[in-house]
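Enquirer: The structure's right below; bear with me while I get my questions together.
The values are calculated or read from the model by the stated rules, or taken from the named source; none is laboratory data. The model shown is predicted, which means the values in this text are computed figures rather than measured ones. Reconstructed Cβ throughout: ideal geometry from the backbone, glycine too, with neighbour counts over all protein chains shown.
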């Protein structure tokens with residue numbers, strides 16, 4: 001046996017152990033099986049109150065960042081649907097379509113990602129989010145999994161508990177004005193914030209930014225809007241009503257917005 005083969009025979013585990021696993025790379029949190037308390041009796045009509053079983057799964061502790069998405073594009077040579085269309089949606093004070101927008105230019109052609117490597121990626125469609133998760137052997141969460149991970153077995157109204165005040169909001173989430181719906185610098189960030197910047201808003205199961213920062217795509221279709229995908233969590237321009245763990249909204253899966261990102265799950 002050659003020297004090189006003898007080295008591989010003795011040290012294979014050490015060699016392979018030097019490469020981080022998907023769970024380590026994306027900080028997947030184990031979500032235990034349980035009975036999920038979903039919905040809100042004081043919310044919208046589609047926030048139906050129910051209890052459903054959830055099988056154990058794993059979920060990224062934080063939203064996918066620009067740094068992580070850039071690596072994915074580099075490794076896979078992927079082109080997003082938003083880049084293909086050369087058009088995305090930008091908020092303020094209403095949604096408008098902006099040419100030259102994409103994940104590298106989230107607010108239009110004159111914007112860039114300078115200083116935003118650890119902020120959540122935006123201007124990615126549900127199709128793009130699906131592609132990212134699959135490339136790394138993961139998937140988008142179903143919305144019942146997402147809600148359970150956000151509110152925990154206790155069924156909290158917000159990830160951190162049942163109450164929220166104007167003073168506490170600035171410490172618990174990157175959100176908008178207390179009254180709907182405009183960007184606010186009260187929490188230190190006018191738009192997105194670096195993921196994990198609000199530990200006081202962490203969910204009972206240890207997930208960050210489940211309220212605010214950016215909305216998150218799920219794999220679930222939105223009822224009453226054929227083809228639309230459910231997004232969850234509210235974003236940097238939303239008020240407390242939209243930050244509730246039970247709040248639901250839907251968007252076409254082909255579009256990108258500067259207030260919508262995602263995180264992946266795995267079985």
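Enquirer: Quick one: in the range 199-211, which of the residues that are surrounded by 20 or more Cβ atoms within 10 Å (Cβ to Cβ) and out of contact with any helix residue (DSSP H, G or I) (no Cβ under 6 Å at 6 or more places or on another chain) is nearest to residue 170 (Cα to Cα)? Show your work before the answer.
Expert: Step one: filter the range 199-211 for residues surrounded by 20 or more Cβ atoms within 10 Å (Cβ to Cβ), giving 201, 203, 205, 207-211.
Add one more test, that the residue is out of contact with any helix residue (DSSP H, G or I) (no Cβ under 6 Å at 6 or more places or on another chain), and what stays is 208-209.
On the way: 208: 15, 209: 13 Å.
Filtering first and then ranking leaves 209.
Enquirer: Any idea which residue in the range 165-177 is farthest from the chain's Cα centre (by Cα), counting only those that are more than 25 Å from residue 112 (Cβ to Cβ) and crowded, with 22+ Cβ neighbours inside 10 Å?
Expert: Here the answer is 169.
Enquirer: For the range 154-164, which positions are closer than 19 Å to residue 58 by Cα and under 20 Å from the mean Cα position of the chain (by Cα)? Give the steps one after another, and end with the answer.
Expert: If we filter the range 154-164 for residues that are closer than 19 Å to residue 58 by Cα, which is where we start, we get 154-155, 159.
155, 159, listed by residue number.
Enquirer: Of the residues 221, 140, only one is buried (at least 23 other Cβ atoms within 10 Å of the Cβ), at pLDDT 95 or above and in contact with a strand residue (DSSP E or B) (Cβ under 7 Å, 6 or more places away or on another chain); which? Step through it out loud before you land on a result.
Expert: Values: 221 fails: buried (at least 23 other Cβ atoms within 10 Å of the Cβ).
Only one candidate passes the filter, namely 140.
Enquirer: Would you mind telling me which numbered condition in (1) modelled with pLDDT of 95 or more; (2) in a loop (DSSP other than H, G, I, E, B); (3) touching a helix residue (DSSP H, G or I) at 6+ places or on another chain (Cβ under 9 Å); (4) surrounded by fewer than 24 Cβ atoms within 10 Å (Cβ to Cβ) residue 193 fails?
Expert: The one condition residue 193 does not meet is (3).
Enquirer: In addition: In the range 165-187, what count of residues is obtained for those that are within 23 Å of residue 60 (Cβ to Cβ) and either part of a loop (DSSP other than H, G, I, E, B) or in contact with a strand residue (DSSP E or B) (Cβ under 7 Å, 6 or more places away or on another chain) (or both)?
Expert: The number of residues fulfilling the criteria is 4.
Enquirer: Okay, next question. Answer with yes or no whether residue 233 is buried (at least 24 other Cβ atoms within 10 Å of the Cβ), out of contact with any helix residue (DSSP H, G or I) (no Cβ under 6 Å at 6 or more places or on another chain) and within 22 Å of residue 157 (Cα to Cα).
Expert: Values: buried (at least 24 other Cβ atoms within 10 Å of the Cβ): yes; out of contact with any helix residue (DSSP H, G or I) (no Cβ under 6 Å at 6 or more places or on another chain): yes; within 22 Å of residue 157 (Cα to Cα): yes.
Criteria met by residue 233.
Enquirer: Moving on. Of all residues in the range 178-189, how many are touching a residue at least 40 places away in the same chain (Cβ under 8 Å), out of contact with any helix residue (DSSP H, G or I) (no Cβ under 9 Å at 6 or more places or on another chain) and surrounded by fewer than 16 Cβ atoms within 10 Å (Cβ to Cβ)?
Expert: Number of matching residues: 2.
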